[in-house]
Amino acid sequence: MSNKEKLTKVTKEKRMGFFKNAKQKIVTIAAAGVVACNAMTIPVYAAATGANAITQPLNSLKTLMLAVIGAVGVIILAKNVMEFAQAYQQQDSSTMNSALKGIVAGIMMAGISTVLTFLGF
């Protein structure tokens, strides 16, 4: 065996040794990171009256978004009801099928606020 072949063999063995231990090193580093992140938590105390002031903008945004989704749902529902009536008059089954899917989507969008209120959101 020449020196070059011996050097190549030694280099390959070193690489394989590195990859065999890499999984163990990665797991150890990840575990140390999780422990460090858990140690850096800071408790936050909010008064009962202050918590409402903090969440009020988010509640307003939620209400606005649900109202917009409901309004768009009503528009989609009305459009697809008219489309279904026109397709029924022309006996166009593919357009009727598409309109029915749109009606279902409109009902879902129009009723999402009611469903979320019922679920407690």
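Read-outs: derived from the displayed coordinates by stated rules, not from any lab. What you are looking at is a predicted structure, and each value in this text was computed from that prediction instead of being measured. For neighbour counting, all protein chains shown are included, and Cβ atoms are generated from backbone atoms with ideal geometry for every residue, glycine included.
Points to keep in mind about this one:
- Cα gyration tensor shape for the range 47-121, rounded if a/c is under 1.5, else prolate or oblate: prolate
- Footprinting exposure proxy for 108, 96, 82 (fewest neighbouring C-beta atoms within 10 Å first): 82, 108, 96
- Using the Karplus relation 6.51 cos²θ - 1.76 cosθ + 1.60 with θ = phi - 60°, the per-residue 3J(HN,Hα) values for the range 29-42 come to 5, 5, 5, 5, x, 5, 4, 5, 5, 5, 6, 9, 6, 10 Hz, with x marking Gly and Pro.
- In percent, rounded to a whole number, the relative contact order of the range 39-121 is 34, using alpha-carbon pairs under 8 Å and six or more apart.
- Whole-Hz ³J(HN,Hα) from phi, Karplus 6.51 cos²θ - 1.76 cosθ + 1.60, for the range 97-110, glycine and proline x: 4, 5, 5, 5, 4, x, 5, 4, 5, x, 5, 5, 5, 5
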